[in-house]
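Accompanying notes for the structure given below.
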């Protein structure tokens, strides 16, 4: 299997403080990797380092065959960030205009949108069940609908790799469940490699093949079954907490 | 009334006003949505210093742009650098640079006695006094700024929506931020003749804000902002000429009227949806 992401001995510092230390893991093509850990464990920092938005202090990241610091294959990468709830509610773009932005990575300047592109946008919206919303303003939609629009934006370029950072933080449990079902289906049918960051271990256990448990360092990297049977994790969490995580899904 | 359009100075004023109004409207949409409206205000205040410097160097009319244009380009980049390198917010950086600009202007006005009246005309605008040379420069800069805005339009929309997402789409965020600041600086230098240093930011903010009240879609917002701006500029120049009022202030008050009507329309629309 080809490795789409390879992280080796990654260390990141912020204002002189080490926020990630000696992280090593890899993600294979077609895999669904979950990165989990408590608040402040460095999950979002890791995502930012992967995307080249945060400088690396030590180690290296290879993503889609390129170093993260000189990455150019943006058209093969879809990104769904957290905090879309903080989006400017009066931003005047329609749903179609927002999703079109996902196509810019694959274009040369002046990055014009063609009629074929517009058709692709509408097809993606239909696929995610929100085709009827294409002319609505993004600020008029519910949180769940907005997140689907952002997912459509991340997927419209048909990326090889989808990176999601707490994508359902603002959604209610029922919509969250449907969202993860949809991602899982996409991973299985189109082979899109998925990297999901969440603080919810139960979600990881249900959908991801492997998980990376992070708390400034990589405390565990393996399958969910291995996590549940790991004596090190039992010692770390305590038997009761580990049982709760492993049997919640 | 028709007769007024046969005067050369009115024709020049209307043409220059439309060119500057269009630039302010398009840039204004990006600046308002990025919460950078005050960069126009800060740059305008700094222009006061640049104009004083040009007058101090003995330059008049179109020749003043030789000093004020490069000076303002440097200032616009300086504001962004100060905000990032000195760990300041954009508002603090704008505040520092604009107050230095005004102080420099006041200092030069006192030291170089005798051009206080000229400086005053730049504070409140004098579009009816625009010369043919200034109109040609305005047209040339209009073409440059609009060409760059056209070329980077989709990137600027993405940047305005979310900087992080734009960056992950391979868009050079730092370059675009510098470009937006530089284009704003060029526009501010042109607009000081139209509405004056004190009112430039209103021309950047009001048409864009009015369009945001009623438009559906980003492209529609830009188009409406342009139409509102042209209406305010042309209407303002005509009214000010007919009633012998200051043109800059008339343009801005008309733009505010358009904004108020747009706001009202939005409220009525919202209420009609509710009931």
For B:5, B:263, A:25, ascending order of other Cβ atoms within 10 Å (fewest first) is B:5, B:263, A:25
quick shape note, the protein assembly as shown: Cα extents on principal axes in Å, largest first -> 88, 54, 38
Each label sits 7 Å from Cα toward the beta-carbon; between residue B:132 and residue B:147 the label points are separated, in nm, by 2.4
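If you take the beta carbon distance between residue A:136 and residue A:72 as r and set R0 to 35 Å, what does 1/(1 + (r/R0)^6) give as a FRET efficiency, to the nearest 0.05?
0.55
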Quick calc: nm separation of the 7 Å Cα→Cβ label points for residue A:184 and residue A:8 -> 3.5
Each label sits 7 Å from Cα toward the beta-carbon; between residue A:199 and residue A:88 the label points are separated, in nm, by 2.9
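Averaging sequence separations of C-alpha pairs under 8 Å and six or more residues apart, then dividing by the length of chain A, give the relative contact order as a whole percent. Write out the running numbers ahead of the final one.
Numbers: 439 pairs, mean separation 65.9, N = 249.
It rounds to 26 percent for chain A.
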Within the range A:134-249, the percent of DSSP beta bridges that are antiparallel, given to the nearest 5, stands at 55
Nearest 10, in degrees from 0 to 90: the angle of helix A:143-155 to the longest Cα principal axis of chain A is 90
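Using Cα pairs closer than 8 Å and at least 6 residues apart in sequence, work out the relative contact order for the range B:47-100, in percent.
Reported as a whole number, the value is 26 percent.
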Rounded to the nearest Å, the spacing of the alpha-carbon centers of the range B:16-54 and the range B:240-275 is 20
For chain A, the Kirkwood Rh over every pair of distinct alpha carbons, in Å, works out to 18.9
Largest fluctuation, A:126, A:160, A:31 only, Gaussian network model of chain A with Cα springs under 10 angstrom, belongs to A:126
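From Cα pairs below 8 angstrom and at least 6 apart in sequence, can you work out the relative contact order of chain B, rounded to a whole percent?
It rounds to 31 percent for chain B.
By count of other Cβ within 10 Å, fewest leading, how are A:12, B:24, A:246 ordered?
Ascending number of Cβ neighbours within 10 Å: A:246, A:12, B:24.
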Expressed as a percent, the portion of alpha-carbon pairs in chain B spaced more than 35 Å apart is 16
For chain A, the longest principal axis of the Cα atoms and the Cα long axis of helix A:115-127 enclose an angle in degrees, to the nearest 10, of 50
The protein assembly as shown: antiparallel bridges as % of DSSP beta bridges, rounded to 5, reads 55
Asserting the computed 222 nm helical MRE of the protein assembly as shown (DSSP H runs at least 4 long, -39500 (n - 2.57) per run, divided by residue count, to nearest 500) equals -19500 deg cm²/dmol
The helix A:173-190 Cα axis meets the longest alpha-carbon principal axis of chain A at an angle in degrees, between 0 and 90 and rounded to 10, of 90
GNM of chain A, Cα pairs under 10 angstrom: of A:16, A:202, A:40, the biggest fluctuation goes to A:16
Exposure proxy check on B:45, B:273: fewest-to-most Cβ neighbours within 10 Å is B:273, B:45
Percent antiparallel among DSSP beta bridges confined to chain A, nearest 5, equals 55
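Each value in this text was obtained by applying a stated rule to the coordinates, not by laboratory testing. Everything numeric here is computed off the predicted structure, so don't read it as measured data. All Cβ positions, glycine included, derive from the backbone under ideal geometry; neighbour counts span all protein chains shown.
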